[in-house]
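The values are calculated or read from the model by the stated rules, or taken from the named source; none is laboratory data. From a predicted model like this one, the values you see are computed outputs, not experimental measurements. Please note: Cβ atoms are built from the backbone with ideal geometry, for glycine as well, and neighbour counts cover all protein chains shown. Only protein heavy atoms, including side chains, enter the accessible area calculation; ligands, DNA and RNA are left aside. Shrake-Rupley method; radii C 1.70, N 1.55, O 1.52, S 1.80 Å.
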Amino acid sequence: MTKLSVLAILLCSRAAAIDLTGLRHVGDIASFVKTDAGIVLACADGSEVRIVVLAPDLIRVRAAFLHKLSGRDHSWAIEKTSWTAPRWSLSEESGALRIATGEIELIMHRSPLQLDFRDPATHRTINADQQPMLFDPQSGTVAAARKLGLDEHFYGLGEKAARLDKRRGEFTMWNSDTFGYQEGTDPIYQSVPFYIGWQHGAAYGIFLDNSYRTHFDFGASSQEYAAFSAEGGEMDYYFFQGPSIKKILARYTELTGRMPMPPMWALGHQQSRYSYYPDTLAEEIVRRYRQEDLPLDALHLDIHYMDGFRVFTWNPQRFPNPKGFTDKLRAQGVKVVTIVDPGIKYRDPGYTVYEQGAAQDFFLKRTDGRPYVARVWPGDSVFVDYTKDAAARWWGDLHRAYTDAGVAGIWNDMNEPSDFNDQTGKSQMDVVTYDGGENSPYAKNRNLFALNEARATYEGLHRLLPNQRPYLITRAGYAGIQRYATVWTGDNRATWEALAVSLPMFMGLGLSGEPFAGADIGGFTGRTDAELLVRWYEVGFLTPFCRNHADMTSPDHEPWRFGKYYEDIIRKYLKLRYRLLPFLYTALEEAHRTGMPVVRPLLLNYQEDEDALGIDDEFMIGADLLAAPILKADRTSRPVYLPKGLWFDYWTGAAQQGGRMVRVEAPLETVPLFVRGGAILPTGPDMNYVGEKPSDPLRFEVYPDSQGEAFATLYEDDGLTESYRQGQFRRTTVTLRRGVIELSAPQGSFDPGRRTMVFSIRRAAEVRIPDDGRPHRIPVPHAAR
Ligand code: GLC
């Protein structure tokens with residue numbers, strides 16, 4: 001590493017610690033009013049604090065300082081605002097008020113005003129103010145400082161280029177275009193101000209729903225407190241009581257929404273580069289994939305497909321017949337995804353997109369009425385104010401340029417929004433956003449820009465292709481982005497460090513409501529080598545978003561670029577991914593239905609196992625598959641922590657007891673993979689793209705636990721339309737107990753057609769039956785008991 005790059009890291013990697021000195025404390029409770037939903041505290045200094053009981057395990061705290069709360073109570077992040085009236089009570093104690101639900105006891109000390117969230121059964125504190133809430137009337141900063149537990153750990157915060165456990169870290173939320181970021185760069189593209197605190201096996205969550213620049217300090221500047229602050233707006237946070245992280249995540253994703261099912265092909269392998277053109281070259285890439293017998297479901301067109309980087313246009317020389325082009329690829333099972341940046345070329349005579357938008361006053365402007373002109377790929381550009389309904393609708397409808405051309409997915413990039421004139425946002429502070437008539441400042445809206453863009457895009461695609469599932473990928477986002485878009489982790493580097501940090505990034509996203517994520521395989525900027533590319537695929541073949549992508553000046557790194565030996569290994573993993581699709585799709589549907597991520601830290605599945613807490617160089621897919629990839633050059637073995645219970649080596653079938661660290665051999669061909677005893681992995685046939693063949697035979701790989709039992713569900717639907725929402729899916733339950741496999745009568749009305757089901761049981765013979773949609777009891781020959 002050069003001296004210059006070390007300096008660059010130092011310069012960009014320090015988020016500001018939260019400095020509480022000079023901030024004022026909120027006044028004491030002077031009086032209070034009980035409402036249907038909670039209580040409003042009037043403070044001696046004129047501040048107002050509103051406590052709302054939303055559910056037994058969910059309480060919202062809103063505060064305005066030196067004045068009352070504003071009338072408008074709206075958040076772009078929130079999907080659900082009310083629950084069926086939860087039971088709670090209010091009582092007065094000496095010096096305090098007390099709200100009790102079945103799951104939370106909230107003590108509101110009167111003087112000074114401090115909030116203490118407790119367990120109602122034991123009256124022990126879960127999380128409490130270390131001092132009263134703070135504010136600065138001049139700058140508008142609002143802050144809270146909570147007692148920091150000696151054994152407290154912190155998780156979440158969405159996309160952070162940091163380790164999984166955020167204790168002693170400090171982080172900022174300010175969507176930023178951070179080309180070539182690395183571990184420690186903060187902030188990066190997305191802002192999800194939600195975290196989970198864990199202490200002695202019990203967890204709580206806090207979602208600071210404030211889109212201004214926010215800061216989180218988990219004991220970086222004090223031994224006594226963990227603080228969060230916002231540089232404007234109200235103090236507005238939600239407190240989630242666990243103690244289970246899964247329960248917190250279920251609630252958080254109920255509040256901010258869950259991922260809709262993407263089309264199943266989105267789980268397929270995708271190929272990109274900056275940029276494939278002309279059409280004949282892009283076709284050549286696809287032909288090569290098929291020639292090499294490498295799975296591929298989508299090809300991405302980066303900015304050069306456009307005419308002068310004008311969004312919603314096609315370059316007539318490079319792509320003279322877009323529909324003909326997408327048809328040709330589709331015939332080979334490959335869907336086309338086009339990049340769509342938010343910057344619209346400014347004052348461009350004859351460019352109807354600009355002209356229509358300007359005529360209808362759809363673009364963001366500064367307070368003095370001048371348009372906000374940013375500099376991005378097309379040169380001077382303007383951005384749409386997506387909070388104006390008519391503008392959002394217009395933007396969405398513009399996508400007809402793509403859907404008419406047979407484009408199947410949209411890739412929203414540069415939406416922090418990136419502005420080459422000033423990436424910090426400082427010179428954009430006078431930009432005004434309509435925001436429901438509030439005409440609110442840029443400081444509030446920067447972090448929301450991508451969320452609103454994604455909403456407009458998603459809704460547009462839905463209108464254009466009714467009953468089809470939109471597929472969107474976004475770089476930036478705010479809490480709730482999962483309702484509209486899947487995400488990728490932006491412009492990473494072709495380094496081992498970048499590969500290593502991608503694991504905690506996926507897990508952090510998963511713990512923040514965003515289950516569909518991935519990184520540019522091989523690394524975006526710089527030069528990957530064969531070993532790194534292979535090891536990257538040994539991670540990427542399991543992540544929901546599995547896309548190989550490279551920068552304009554990066555050497556090519558498609559799977560065949562380093563020769564047969566490496567290509568064969570990559571093929572092996574891509575083929576395995578496609579065989580695992582029934583398993584991966586079932587995990588995805590669980591994420592859609594419950595908010596539980598696909599890629600999970602061990603911590604989520606084994607919350608009380610202290611040894612699993614800090615592990616972020618291994619991950620699990622759902623509850624059953626554990627991967628411990630090699631994340632360093634030239635390594636052929638590694639220690640792997642296996643949680644308690646029985647584990648099967650995926651490759652050898654050997655079983656061993658967990659609850660310990662084991663050393664595992666991992667030559668380049670092998671990623672250490674383990675299956676939990678008690679699991680059943682539903683798998684399908686080899687395929688080169690989703691839908692190439694029916695899932696026949698459907699093979700259940702059964703891994704009995706030490707009692708000889710195992711269990712799984714399989715989720716299936718048509719993979720493309722919205723009919724799953726009307727019950728057109730099929731959920732099949734398979735149980736192994738006392739030497740008998742029981743197949744449930746499937747739920748749902750989706751008919752997958754006739755096929756054979758194969759049960760392959762570790763340490764037993766195989767059984768085959770026709771799938772006739774009826775329940776079955778199948779005795780297992782030589783059962784593993
Ligand atoms: C941004 C994107 C990258 C893309 C490039 C050109 O850097 O993050 O993926 O290739 O822009 O569009």
### Query
At what distance in angstrom do the alpha carbon centres of region 396-468 and region 683-725 lie from each other?
36 Å
### Accessible area of region 55-131 divided out per residue, in Å², using a probe of 1.4 angstrom
48 Å²
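Hey, what's the Cα Rg ratio for region 199-294 versus the globular rule of thumb, 2.2 N^0.38 Å?
1.82
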### Query
Check G678: other-chain or 5+ apart residues with amide H under 5 Å from its amide H, H built from backbone geometry?
Y703, D705
### Query
Which order do peptides 50-60, 177-187 fall in by mean Cβ count within 10 Å, highest first?
50-60, 177-187
### Task
With a Förster radius of 51 Å, plug the Cβ-Cβ distance of N439 and E766 into 1/(1 + (r/R0)^6) and report the FRET value to the nearest 0.05.
0.15
### Integer Hz, Karplus 6.51/-1.76/1.60 couplings in order for region 330-340, x for Gly and Pro
4, 4, 9, x, 10, 9, 9, 10, 10, 6, 9
### Message
Can you tell me the length gained on complete extension of the stretch K323 to R755, counting 0.36 nm per residue apart and subtracting the Cα distance?
### Response
152.0 nm
## Note on the structure
Karplus-derived 3J(HN,Hα) from phi for region 194-207 (6.51 cos²θ - 1.76 cosθ + 1.60, θ = phi - 60°), whole Hz, x at Gly and Pro, runs 10, 9, 10, x, 10, 8, 6, x, 10, 10, 9, x, 9, 10
### Message
Quick check: net charge around P779, other residues with Cβ under 11 Å of its Cβ, Lys/Arg +1 and Asp/Glu -1?
### Response
+1
### Query
Given Cα pairs under 8 Å that are at least 6 residues apart, what percent is the relative contact order of region 586-724?
18 percent
### Task
Can you tell me the dipole magnitude for the chain around its Cα centre, using point charges on the Cβ only (Lys, Arg +1; Asp, Glu -1), in Debye to the nearest 20?
1340 debye
#### Entry: Label-to-label distance, nm, for residues given as S70 and A623 (7 Å Cα→Cβ offset)
4.4 nm
### Query
Which of the aspartates and glutamates could be linked to K80 by a straight reach, that is with a Cα gap under 14 Å, when you skip same-chain ones fewer than 8 residues away?
D209, E254
### Task
Can you spot the lysines whose alpha carbon is less than 26 Å from K575's alpha carbon? Ignore those fewer than 8 places along the same chain.
K328, K335, K564, K632, K693
### Summary
Checked region 731-770 against the a/c 1.5 cut and the a/b vs b/c comparison, axes a ≥ b ≥ c from its Cα gyration tensor; verdict oblate
### Query
So how far apart, in nm, are the two label points at S723 and D368 if each is 7 Å from Cα heading toward Cβ?
5.9 nm
### Query
For the chain, what % of the accessible area comes from carbon and sulfur atoms, probe 1.4 Å?
50 percent
### Summary
The rounded separation in angstrom of the Cα centers of region 484-545 and region 573-595 is 17 Å
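Find the accessible area per residue for region 651-785; the probe is 1.4 Å, ligands and nucleic acids are left out, and the unit is Å². Don't jump to the answer; show the numbers that get you there.
Numbers: 6430 Å² over 135 residues.
I get 48 Å² per residue for this part.
Roughly how many Å² is the accessible area per residue of region 450-495, as a whole number, for a 1.4 Å probe?
Solvent-accessible surface per residue comes out at 20 Å².
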### Summary
Descending packing, highest mean Cβ count within 10 Å first, for 73-84, 728-739 is 728-739, 73-84
### Query
T84 to K34: extension gain in nm, 0.36 nm per residue of separation minus the Cα-Cα distance?
16.2 nm
#### Entry: Cα lying deepest toward the dipole's positive end in the chain, options I569, L464, G773, charges on Cβ
G773
### Query
Taking K147 as the anchor, which aspartates and glutamates have their alpha carbon closer than 13 Å to its alpha carbon, excluding any fewer than eight residues away along the same chain?
D116, D129, D217, E224
### Task
Determine ³J(HN,Hα), in whole Hz, for all residues of region 305-318 in sequence, where each value follows from phi through the Karplus function 6.51 cos²θ - 1.76 cosθ + 1.60 and θ = phi - 60°; x replaces Gly and Pro.
6, 7, 8, x, 6, 7, 5, 6, 10, 10, 6, x, 7, 7
### Task
List the residues whose amide H sits under 5 Å from the amide H of F729, counting only those 5 or more places along or on another chain, with H placed 1.01 Å from N in the peptide plane.
S749, F750
### Task
With a 10 Å radius around each residue's Cβ, average the other Cβ atoms per peptide and rank 540-551, 141-152, highest first.
540-551, 141-152
### Message
Using the Cα centre of the chain as origin and beta-carbon charges of +1 (Lys, Arg) and -1 (Asp, Glu), tell me which of V334, A250, Y212 is placed farthest towards the positive end of the dipole.
### Response
V334
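Could you tell me which of rounded, prolate or oblate describes region 44-114, using a ≥ b ≥ c as the square roots of the eigenvalues of the alpha-carbon gyration tensor, with rounded for a/c under 1.5 and, failing that, prolate when a/b is larger than b/c and oblate otherwise? Mind dumping the intermediate values first?
Working: a/c = 2.74, a/b = 1.07, b/c = 2.56.
Note, shape of region 44-114 comes out oblate.
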### Message
Rounded, prolate or oblate for the chain? Axes are the square roots of the Cα gyration tensor eigenvalues, ordered a ≥ b ≥ c, and the cut-off for rounded is a/c under 1.5.
### Response
oblate
### Task
Name the residue farthest towards the positive end of the dipole of the chain from the options V40, F674, G490, assuming +1 on Cβ of Lys and Arg, -1 on Cβ of Asp and Glu, about the Cα centre.
F674
